[in-house]
Amino acid sequence: MVRIPDAKVALSTASVYPESTATAFEIAARLGYDGVEVMVWTDPVSQDIEALRRLSDYHQVPILAVHAPCLLITQRVWSTDPWVKLQRARSAAEKLGASAVVVHPPFRWQRQYSRDFVDGIWRMADETDVRFAVENMYPWRYRDREMLAYAPDWDVTKDDYRNFTVDLSHAATSRIDAMAMVDRMGDRLAHVHLADGRGSAKDEHLVPGRGTQPCAELLERLAVSGFDGHIVIEVNTRRAMSAAEREADLAEALAFTRLHLASAPARRA
């Protein structure tokens with residue numbers, strides 16, 4: 001007997017880069033994704049609530065999550081104040097009907113923000129039904145050198161958060177046991193970024209099944225446990241030689257995810 005969990009499979013708009021946010025909605029609709037996660041970045045559409053609502057309505061693709069602008073290239077998107085960024089991400093999620101905001105731990109040089117981050121995330125989570133799901137990151141590496149770029153820590157399980165996002169590509173880059181991290185997250189795991197990796201110093205975000213990470217094992221565990229969060233395909237298609245090749249990669253990622261969600265045995269009553 002097969003038990004398919006209630007978890008929805010979404011496409012991160014980052015997965016179509018360098019194509020636009022609007023293109024992600026179009027592809028998600030065509031391939032049959034359950035929704036999208038909007039990566040808020042330098043594309044003006046990704047920052048515009050009304051434009052996002054129109055895309056969602058036109059393509060009949062719900063926005064399931066909002067990824068706050070936490071990247072180096074988004075330092076000036078939605079303010080230079082990191083707390084304002086998170087407040088705007090929460091407001092966007094509430095207005096768009098998304099149930100989760102994905103947030104990275106602070107960069108180490110954001111000293112005041114990092115000192116207040118754990119308590120601040122709890123305060124914000126208490127003010128909304130939207131889940132603030134803090135994502136595992138990784139050490140930065142160059143040759144034989146390692147730089148700890150995130151604070152309080154890139155391994156978010158070392159701190160007390162209400163909800164977590166696990167990213168398997170980040171787990172590969174940090175060279176840790178991804179399933180052990182998932183165990184530490186326990187029932188606070190609320191969100192999944194599904195992508196593969198081979199343990200390179202670079203964050204690879206490969207199509208699931210093309211690296212060494214336990215993508216299938218994680219999906220099967222989520223199915224058995226009745227996971228009800230979102231599973232977001234967040235892969236790198238920048239090397240695709242054509243729009244057709246990019247779409248084929250995203251179709252493969254969706255098929256892999258649905259297959260392994262459906263392949264786990266049902267829990268016994």
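The values are calculated or read from the model by the stated rules, or taken from the named source; none is laboratory data. Everything quoted here is computed from the prediction, not taken from an experiment. As a convention, Cβ positions derive from the backbone with ideal geometry for all residues, glycine included, and neighbour counts pool all protein chains shown. Remember, those area values only see protein heavy atoms, side chains included, never the ligands or the DNA or RNA. Shrake-Rupley method; radii C 1.70, N 1.55, O 1.52, S 1.80 Å.
Do we find a residue being part of a helix (DSSP H, G or I), under 14 Å from the mean Cα position of the chain (by Cα) and crowded, with 16+ Cβ neighbours inside 10 Å anywhere in the range 171-181?
So far as the range 171-181 goes, yes, one or more of its residues are part of a helix (DSSP H, G or I), under 14 Å from the mean Cα position of the chain (by Cα) and crowded, with 16+ Cβ neighbours inside 10 Å.
Quick check: anything in the range 156-169 open to solvent by less than 10 Å² (accessible area, probe 1.4 Å), touching a residue at least 60 places away in the same chain (Cβ under 8 Å), polar (S, T, N, Q) and part of a helix (DSSP H, G or I)?
The first filter runs over the range 156-169 and keeps only residues open to solvent by less than 10 Å² (accessible area, probe 1.4 Å), leaving 156, 161, 164-169.
Cutting the leftovers down to touching a residue at least 60 places away in the same chain (Cβ under 8 Å) gives us 165, 167, 169.
Filter again for polar (S, T, N, Q), leaving 165, 169.
This time we only want the ones that are part of a helix (DSSP H, G or I), so: 169.
Among the residues of the range 156-169, at least one is open to solvent by less than 10 Å² (accessible area, probe 1.4 Å), touching a residue at least 60 places away in the same chain (Cβ under 8 Å), polar (S, T, N, Q) and part of a helix (DSSP H, G or I), which makes the answer yes.
How many of the residues in the range 210-248 are outside any loop (DSSP other than H, G, I, E, B) and surrounded by fewer than 19 Cβ atoms within 10 Å (Cβ to Cβ)?
Selection size over the range 210-248: 11.
Among 56, 20, 15, which is the only one that is in contact with a Phe, Trp or Tyr (Cβ under 8 Å, 6 or more places away or on another chain) and either under 21 Å from residue 253 (Cβ atoms) or open to solvent by 10 Å² or more (accessible area, probe 1.4 Å) (or both)? It would help to see each step written out before you state the result.
Details: 20 fails: in contact with a Phe, Trp or Tyr (Cβ under 8 Å, 6 or more places away or on another chain); 15 fails: in contact with a Phe, Trp or Tyr (Cβ under 8 Å, 6 or more places away or on another chain).
Answer to the check: 56.
In the range 105-147, which residue that is part of a loop (DSSP other than H, G, I, E, B) and of a type in the set (Val, Ile, Thr) is surrounded by the most Cβ atoms within 10 Å (Cβ to Cβ)? It would help to see each step written out before you state the result.
Initially, the range 105-147 is screened for residues part of a loop (DSSP other than H, G, I, E, B), giving 105-106, 108-110, 127-130, 136-139, 143-144.
From what's left, of a type in the set (Val, Ile, Thr): 128, 130.
Working: 128: 13, 130: 21.
Going through the qualifying residues, I end up with 130.
Return a yes/no flag: does the range 63-80 have any residue that is farther than 18 Å from residue 102 by Cα, open to solvent by less than 20 Å² (accessible area, probe 1.4 Å) and modelled with pLDDT of 95 or more.
No, the range 63-80 has no match at all.
Inside the range 37-53, can you point out the residues that are assigned to a loop (DSSP other than H, G, I, E, B) and either open to solvent by 50 Å² or more (accessible area, probe 1.4 Å) or of a type in the set (Ser, Thr, Tyr) (or both)?
42, 48
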